[in-house]
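Peer 1: Right, I'll just put the structure down here and ask away after.
Values in this text are rule-based calculations from the coordinates and carry no lab data. Every value quoted in this text rests on a predicted model; they were computed, and no experiment measured them. Cβ placement follows ideal geometry from the backbone for every residue including glycine, while neighbour counts extend to all protein chains displayed.
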Amino acid sequence: MGRLMTEEKFSLLCSLANERGIITATAMDQRGSLKKALAQYSQNEVMEKQLIAFKTLVSEILSPHASSILLDPEYGWPAAKQRADNAGLIMAYEQTGYSAEDENRMPDLLPEWSVLRLKQRGAQAVKLLVYYDPDDREEINTVKQALIERVGLECKALNLPFFLEPLCYSRHIPDSKGIEFAKVRPHNVRKMMKEFSRPAYHIDVLKVEVPVNVHYVKGLKANEGHPVAYTLEEAKTLMQEAAAAAEVPFIFLSGGVTDEVFIETLEFAGEAQIPFSGVLCGRASWQDGIPVYARHGEAALREWLLNVGVKRVQKLNDVLQKNAVAWWNVYGGKERLNIVAG
């Protein structure tokens, strides 16, 4: 017997992917980080209406070229209404960021929302972001695991796909972009992919970082000006080991890198024959539109998105068509799924 899945959940997962089962999703659920980014280029305080307008324009212009879009219930409902008919809707469930005083980076849910309420408003999937150090103290990780289990059970009860985004960090290595963390990142990602493939979490898709930091891979363009943490072959092996630990579909996040670096990263994953099922790509597609919007307004952002943003998403889609695989491949193919009524 293959993977057990309800008809409703199967239909929703298919609606979030393209016709080949590849998830080509745009991420636009940033809240605190988007406000800070806009503030860097704004002379006045960034208002809520500006966040809503930015998200709405991104949704309107980029979603026709995506299989789905990730938004947040705090500022994202107007953007959800403006998304293209072809784009499924994934809604974030966590509060943005974490307290600077909280060295444990404990997650929390938006208190006024539940999976039921998100589904009633039109969400076709729920996403939860959790900062996670697999080598942290047991009492810390147990709390995080219990929260993920609760969300997973909410989603299971309502037949709603559950996307988990575990972001790895280390309390012992504060610089997550430096070479020392780059050396432990493959280990962390692999352990997370193994842990969160367990049935207890009821996770349908893992949204994960690429196991290696490509800025430290000797031989890649992204390595220019950076030291080396791994050779090309070492990087491929580390990525393959992480992928082998996953027992549910996984997709890659862009992690704030540039469009050029993310494209190179996905092509490298394809060379390494990593069976990833798509992306949830945010800033790589639209982050360069932030100063345009902050300085020149909505009309200028619209023009930038039409002329630059759309081309970036289309290029990303071309790379995914060549290198990604269907989400059902991890189960041995669509025919191996055991689809049951509600």
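Peer 1: Can you pull out the trypsin sites (Lys or Arg not before Pro) in segment 7-85 that DSSP calls coil and that have at most 15 other Cβ atoms within 10 Å?
Peer 2: Those that pass, being in a loop and sparsely packed, are Arg20.
Peer 1: Take the Cα radius of gyration of the chain and divide it by 2.2 N^0.38 Å, with N its residue count; two decimals is plenty.
Peer 2: This ratio for the chain stands at 0.94.
Peer 1: Could you pull out every residue, at least 5 positions away or on a different chain, whose amide H is within less than 5 Å of the one on Glu165? Hs are placed 1.01 Å off N in the peptide plane, and Pro or chain starts have none.
Peer 2: Amide H neighbours of Glu165, under 5 Å, 5+ apart: Leu128, Leu129, Val130, Lys207.
Peer 1: Just how far, in whole angstrom, is segment 73-139 from segment 207-257 if you go by their alpha carbon centroids?
Peer 2: For segment 207-257 versus segment 73-139, the Cα centre distance is 25 Å.
Peer 1: Also, quick follow-up: For every other residue with a beta carbon closer than 12 angstrom to the beta carbon of Glu74, add +1 if it is Lys or Arg and -1 if Asp or Glu, then tell me the sum.
Peer 2: -2
Peer 1: Suppose each label sits 7 Å from its Cα in the direction of the beta carbon; what would the His296-Ala157 distance come out to in nanometres?
Peer 2: Each label point is offset 7 Å from its Cα along the Cβ direction, giving 5.0 nm.
Peer 1: Provide, as a two-decimal number, the C-alpha radius of gyration of segment 257-342 over 2.2 N^0.38 Å, N being how many residues it has.
Peer 2: Scaled against compact globular proteins, the figure is 1.44.
Peer 1: Lys218: which lysines have alpha carbons under 23 Å from its alpha carbon, excluding same-chain residues fewer than 8 sequence positions away?
Peer 2: Answer for Lys218, where 23 Å is the Cα cut-off: Lys177, Lys183, Lys236, listed by chain and number.
Peer 1: From the phi angles alone, apply the Karplus equation (6.51, -1.76, 1.60; θ = phi - 60°) to segment 23-29 and give each ³J(HN,Hα) in whole Hz, x where the residue is Gly or Pro.
Peer 2: Here the 3J(HN,Hα) series is 8, 10, 9, 9, 9, 9, 9 Hz.
Peer 1: Quick one: compute the contact order of segment 168-311, relative version, from alpha carbon pairs under 8 angstrom and 6+ residues apart, as a percent.
Peer 2: Once divided by the residue count of segment 168-311, the mean separation gives 20 percent.
Peer 1: Same structure, new question: Please turn the phi angles of segment 205-219 into ³J(HN,Hα) values with the Karplus equation 6.51 cos²θ - 1.76 cosθ + 1.60 (θ = phi - 60°), one per residue in order, whole Hz, x for glycine and proline.
Peer 2: My calculation for segment 205-219 gives 9, 9, 9, 10, 6, 4, x, 10, 8, 5, 5, 10, 9, 5, x Hz in order.
Peer 1: Just flag the GluC sites (Glu not before Pro) in segment 24-77 sitting in loop per DSSP whose Cβ has no more than 14 other Cβ atoms within 10 Å.
Peer 2: Qualifying residues, ordered by number: Glu45.
Peer 1: Next up: Applying the Karplus parametrisation 6.51 cos²θ - 1.76 cosθ + 1.60 with θ = phi - 60° to the phi angles of segment 325-336, what ³J(HN,Hα) value in whole Hz is obtained for each residue in order, glycine and proline being reported as x?
Peer 2: Each residue's phi maps through the Karplus curve to give 10, 4, 4, 7, 4, 5, 9, x, x, 4, 5, 8 Hz.
Peer 1: Within 12 Å, Cβ to Cβ, of Lys315, how many net charges do the neighbouring residues add up to if Lys/Arg are +1 and Asp/Glu are -1?
Peer 2: -2
Peer 1: Asn18's amide H: which non-local residues (gap 5+, or another chain) put their own amide H closer than 5 Å, with H modeled 1.01 Å from N in plane and none for Pro or chain starts?
Peer 2: Hits under the 5 Å cutoff: Ile23, Thr24.
Peer 1: Next question, about the same structure. Using amide H atoms built in the peptide plane, which far-off residues or other-chain residues are under 5 Å from Ala27 H to H?
Peer 2: Sorted by chain and number, the residues that satisfy this are Leu70, Cys281, Gly282.
Peer 1: Thinking of segment 110-252 as a set of Cα atoms, what percent of all their pairs are more than 17 Å apart?
Peer 2: Cα-Cα pairs of segment 110-252 separated by over 17 Å account for 63 percent.
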